[in-house]
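K.L.:
Here it is, the structure, as structure tokens.
Rule-based calculations on the coordinates, nothing more; no lab input. Computed from a predicted structure; not experimentally measured. Glycine also receives a Cβ, built like all others from the backbone with ideal geometry; neighbour counts cover every protein chain displayed.
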Amino acid sequence: MSNKIRLSMSIFCITMGAAAMQASAADEWHFVVSNQTSSKIVKLQVSEDKSEWGDFDIGSGIAAGSTETMIWDHSTDNQSCEQWMRAKFADGSTSAASKQDFCQDLDDPIEFSE
């Protein structure tokens, strides 16, 4: 195989790989959280029934005054769009639970404020 053909195939593979990665990122369910409090969010918890809560992976947390985009894990793809959400803060407080529709307005921030 000539070097020219190898180069063309390599460029094609890189291009297709990049396109697949973009398509994959676009298919991910996300939502935006805005921490308008003076305390860092250390946990986001979600529940379909408001009785069993699961922790959402937020890494090292969401700093006071910050806005972050969260990506749902694919294991939740078969869950209901409507979920309850609450935040736990570094100061030990917990927000009131609020019902969210995660199938709509994904880019409108869910705001936690004092």
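K.L.:
Mind giving me the nanometre distance, one decimal, between the label points for V42 and I71, set 7 Å out from Cα along Cα→Cβ?
P.N.:
2.6
K.L.:
Show me 106-114, 42-50 ranked by packing, highest mean number of other Cβ atoms within 10 Å first. Numbers along the way, then the final one.
P.N.:
Values: 106-114: 13.0, 42-50: 15.7.
The most tightly packed comes first, giving 42-50, 106-114.
K.L.:
Where does the charge balance sit around D91 when Lys and Arg score +1, Asp and Glu -1, over other residues with C-beta under 12 Å from its C-beta?
P.N.:
Working: positive: K40, K88; negative: E114.
Around D91, the surrounding residues sum to +1.
K.L.:
Here's another thing I want to ask about it. Whole-Å semi-axes of the stretch 29-113's equivalent ellipsoid, largest first, each the root of 5 times a Cα gyration tensor eigenvalue?
P.N.:
Numbers: eigenvalues 77, 39, 27 Å².
Working from the Cα gyration tensor, I get semi-axes of 20, 14, 12 Å.
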